[in-house]
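Taken together, the values in this text are just the output of simple stated rules run on the coordinates, not laboratory data. Everything numeric in this text was worked out from a predicted model, so none of it was measured. Counting neighbours? That spans all protein chains shown, and the Cβs are built from the backbone with ideal geometry, glycine included.
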Amino acid sequence: MKASSLLQLLLKVAEKASVIAKIIRKEKPLVDLLIEEKSGIEKNNRFFQDFKTLADVLIQDTVRHYICKEVPELEASIYGEESNKFTNVVGESVVVEICNTCEETQQLLKTVLNGNNEAAQLLADAVHSNTECEYPVFDSELSVDINTSDCGIWIDPIDSRPVH
């Protein structure tokens with residue numbers, strides 16, 4: 001795979017992630033609905049409280065899904081901070097994943113969102129949309145072949161902690 005192709009793919013999924021984050025950030029009630037406190041092995045012990053949001057989980061799985069769709073050999077080398085298990089306010093645990101169709105993803109998200117079909121539809125549409133943005137044309141230095149088996153990807157979509 002050409003380094004330029006991988007870089008363009010990463011830019012494309014980053015743009016899709018930003019669309020999802022903007023939708024969630026725009027709706028304050030949606031933000032409040034989508035926060036879960038981490039516990040057990042998921043919790044970072046450096047913090048008294050550690051939270052994950054559906055935005056983190058959904059973006060992480062969206063990025064993973066679309067990269068693996070284009071470069072399947074990277075699947076075992078994509079890591080993220082969050083588990084994709086999310087518990088809604090009524091205590092149901094749901095494994096958040098990107099389904100084959102927008103409708104299936106919407107139904108899954110509707111469960112996480114306590115039946116909020118409008119929010120589930122907005123997010124599913126964003127996940128399954130064809131993201132258009134202006135991608136830079138890379139110079140010849142990035143037209144080299146890279147061995148994707150030597151690559152690894154870490155996903156931590158929305159990290160607002162002051163400690164890095």
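Highest-first packing order for the peptide set 119-128, 66-75, 53-62 is 53-62, 119-128, 66-75, based on the mean count of other beta carbon atoms within 10 Å.
In sequence order, region 112-124 has phi-based couplings of 5, 8, 6, x, 6, 5, 5, 5, 4, 5, 4, 5, 4 Hz under the Karplus curve 6.51 cos²θ - 1.76 cosθ + 1.60, θ = phi - 60°, and Gly or Pro positions carry x.
Residues whose amide H comes within less than 5 Å of that of Ile153, counting only those at least five positions distant or on another chain, are Ile78, Tyr79 (H built at 1.01 Å from N in the peptide plane).
Once both labels are positioned 7 Å from their Cα atoms along Cα-to-Cβ, the gap between Glu97 and Glu134 label points is 3.9 nm. Counting charges near Ala124 (Lys, Arg +1; Asp, Glu -1) among other residues having Cβ under 13 Å from its Cβ returns a value of -4.
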